[in-house]
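A.B. asks: Quick one: structure below, then a few questions.
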2 protein chains.
Amino acid sequence: MHFADDLMVRTREIGHPLCAGIDPHLARIPPLFQRGSMAPTDPATPAAVEALALAFLDRLVGRVAVVKPQVAFFEQMGSAGLAVLERVMAAARERELLVLLDAKRGDIGSTAEGYARAYLEPGAAGEVDAITLNPYMGLDTLAPFAERAAAYGRGLFVLAKTSNPGSGDLQDRLLEKAGPVYEAVASSLTELADELTGPATGWSSLGIVAGATYPEQAERLRALLPNALFLIPGYGAQGASAAEAVRSFVAGPRGLEGGLVNSSRGLLFPEAAASAESAGAWEGAVDAAIDRASEELGLAVGR
Amino acid sequence: MHFADDLMVRTREIGHPLCAGIDPHLARIPPLFQRGSMAPTDPATPAAVEALALAFLDRLVGRVAVVKPQVAFFEQMGSAGLAVLERVMAAARERELLVLLDAKRGDIGSTAEGYARAYLEPGAAGEVDAITLNPYMGLDTLAPFAERAAAYGRGLFVLAKTSNPGSGDLQDRLLEKAGPVYEAVASSLTELADELTGPATGWSSLGIVAGATYPEQAERLRALLPNALFLIPGYGAQGASAAEAVRSFVAGPRGLEGGLVNSSRGLLFPEAAASAESAGAWEGAVDAAIDRASEELGLAVGR
């Protein structure tokens, strides 16, 4: 297995680069799935989140190549929440969905080793196919993840230009040499991107996060990392269009390609699903949201 | 409760700024505490880690003001590991030790909200007194943590200049205006530091991480943030001396003060404890390591 090859082959088959975020905001969980008070400390809450996440997975099978659970929404319920995350991720992998864990971990040495073991080691309770990483502490942050990416064919996505308004506070600051900080981060990754290049598609399992809300910056990042996968947040609920989301994509054998466009709230919590009174109504609302995003992105990549 | 006030009052009483890291490296756990294979996926491993961590807490009571568990060493065992962390942190707080969680979380919006709930909300399973945060995504990363710091008197430590060799990759890069990246991070925190200033001691619950391995940089950071607590890794096992560790400290009512000097491996895994064959021998070895570090730091702050 090689993450980038596997992902790109599946993406070409499926016809769009949509990545389904699994961000179970407690305040948005439809009445249909609610249990207890829905406070993060209520012992009934984890089961509600698990039921919603599993039902969501069923909607996604065959429709997307990859899901992206956000750890924080599970971690807010403590160890019981992390146990739910483990079961949801195992269920996704059983359903042959790739799992990209949005953990944004960033630490060093033996600590980074601990996080790498937690998520990239075969047989770990939290085993996933790919993970997001924060580069602030430097390149030694990446070492234990990069080792496992090479050994087990995992994927890595390093934060470069994130989609939030505050991303400019540090990432846009200009360096005395070499442009803005986010470009320096990208430039420092070229070697690792080469090492993790997939034999089948030429795409690298070393990716970066590049927000759809900053399409011009994404183009510049593409020039620096021509074969890195881009994980692209900011499409849909955060305001970026499908065309903006795929600005960093390049011509592939079956339309434009270059990574993943994530949608979380837009898929898991479409307006019509909030008041669904039956499982069928909820499924219909979620299916419609998935189909709409898939079509938009399929059009944007020229399928 | 106000974290900085509480910490500084306790530190003055105790006579040194030593913070005890709880980093239970599985490969270093003494035979006395081992169970099963000690692999992270072995179901017996979490109990071994818990036994060691609880025994360590008993050595620390009355000797240090604060402990710093590193989440990664627990998270590598999955949700079972996080459950151990929750129990260890609750035990620390019962023993009236302050708990500073080394989580280095850094995300935005509702995700950051999730992490803030997980650790800073009263009654959360993972409730702690303070937490470490990664600023790469920008100042909006800090908002939900800052709110809770103000509401519940929690402490925050933002990564500025970390102690690892790779910290220069990004943090030392010079910005076109305003010096290196780590100084820009520090400068952006002045307002929040003012807001979180403690009425009793004048110290702020907004702190930064400033590695003991870079004492000159720590001095410059002190100039930018005169009343921020500094969390100082790199003392002991990582090679910095006590004098280097307290370089950013300033005169206080009872010697130099200015934050916390962390030691993890040096206290939890002193050489003499590795081969301890009885609980008494292990306790003696750990006590000696704690006493040595306390004395060195007490001398360095002029007590």
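Here, each number is a calculation from the coordinates, and none is a lab measurement. Here the structure is a predicted model, which means the values were calculated and not measured. Note: ideal-geometry Cβ built from the backbone for every residue, glycine included; neighbour counts use all protein chains shown.
A.B. asks: Return only the number of the condition from (1) without any contact (Cβ under 8 Å) to a residue 24 or more places away in the chain; (2) surrounded by fewer than 20 Cβ atoms within 10 Å (Cβ to Cβ); (3) within 10 Å of chain A (Cβ to nearest Cβ); (4) out of contact with any strand residue (DSSP E or B) (no Cβ under 6 Å at 6 or more places or on another chain) that B:E94 does not satisfy.
C.D. replies: With (1) without any contact (Cβ under 8 Å) to a residue 24 or more places away in the chain; (2) surrounded by fewer than 20 Cβ atoms within 10 Å (Cβ to Cβ); (3) within 10 Å of chain A (Cβ to nearest Cβ); (4) out of contact with any strand residue (DSSP E or B) (no Cβ under 6 Å at 6 or more places or on another chain) applied to B:E94, the lone miss is (3).
A.B. asks: Right, something else. Report the residue count in the stretch A:126-143 for those that are more than 7 Å from every other protein chain (Cβ to nearest Cβ) and acidic (D, E).
C.D. replies: Of the residues in the stretch A:126-143, 2 are more than 7 Å from every other protein chain (Cβ to nearest Cβ) and acidic (D, E).
A.B. asks: So, in the stretch B:156-189, exactly how many residues are within 20 Å of the chain's Cα centre (by Cα), facing chain A (nearest Cβ under 7 Å) and among the charged types (D, E, K, R)?
C.D. replies: Final tally of qualifying residues: 0.
A.B. asks: Oh, and also: In the stretch B:213-249, what count of residues is obtained for those that are aliphatic (A, V, I, L, M) and farther than 18 Å from B:A65 by Cβ?
C.D. replies: Going through the stretch B:213-249 one residue at a time, the tally reaches 8.
A.B. asks: Taking the stretch B:274-285 as the region of interest, how many residues are surrounded by fewer than 22 Cβ atoms within 10 Å (Cβ to Cβ) and either in contact (Cβ under 8 Å) with a residue 40 or more places away in the chain or among the polar types (S, T, N, Q) (or both)?
C.D. replies: 7
A.B. asks: A further question on this structure: Can you name the residue in the stretch B:97-108 that is facing chain A (nearest Cβ under 7 Å) and within 16 Å of B:R148 (Cβ to Cβ) and, of all such residues, is surrounded by the most Cβ atoms within 10 Å (Cβ to Cβ)?
C.D. replies: Step by step, filter the stretch B:97-108, then rank; the result is B:D107.
A.B. asks: Taking the stated definitions as given, is A:A83 under 24 Å from B:V84 (Cα atoms), out of contact with any His (no Cβ under 9 Å at 6 or more places or on another chain), of a type in the set (A, V, I, L, M, F, W, C) and surrounded by fewer than 22 Cβ atoms within 10 Å (Cβ to Cβ)?
C.D. replies: Yes, satisfied.
A.B. asks: Another question, if that's okay. Kindly indicate whether A:G123 is within 8 Å of another protein chain (Cβ to nearest Cβ), outside any helix (DSSP H, G or I) and without any contact (Cβ under 8 Å) to a residue 60 or more places away in the chain.
C.D. replies: yes
A.B. asks: Can you pull out the residues in the stretch A:142-200 that are part of a loop (DSSP other than H, G, I, E, B), among the hydrophobic types (A, V, I, L, M, F, W, C) and buried (at least 16 other Cβ atoms within 10 Å of the Cβ)?
C.D. replies: Passing the criteria: A:L142, A:L189, A:L196.
A.B. asks: Given the structure, is A:T162 touching a residue at least 60 places away in the same chain (Cβ under 8 Å) and within 17 Å of A:Y136 (Cβ to Cβ)?
C.D. replies: When the stated conditions are applied, A:T162 passes them.
A.B. asks: Sort out which residues of the stretch B:58-84 are at the interface with another protein chain (Cβ under 7 Å from one of its Cβ atoms) and part of a helix (DSSP H, G or I), and write them in order of number.
C.D. replies: Matches in the stretch B:58-84: B:A72, B:F73, B:E75, B:S79, B:L82, B:A83.
A.B. asks: How many residues, within the stretch B:118-141, are more than 15 Å from B:V71 (Cβ to Cβ) and surrounded by fewer than 23 Cβ atoms within 10 Å (Cβ to Cβ)?
C.D. replies: Of the residues in that region, 6 qualify.
A.B. asks: Does the stretch B:213-251 hold any residues that are among the β-branched types (V, I, T) and within 19 Å of B:N164 (Cβ to Cβ), and which are they?
C.D. replies: B:T213, B:I232
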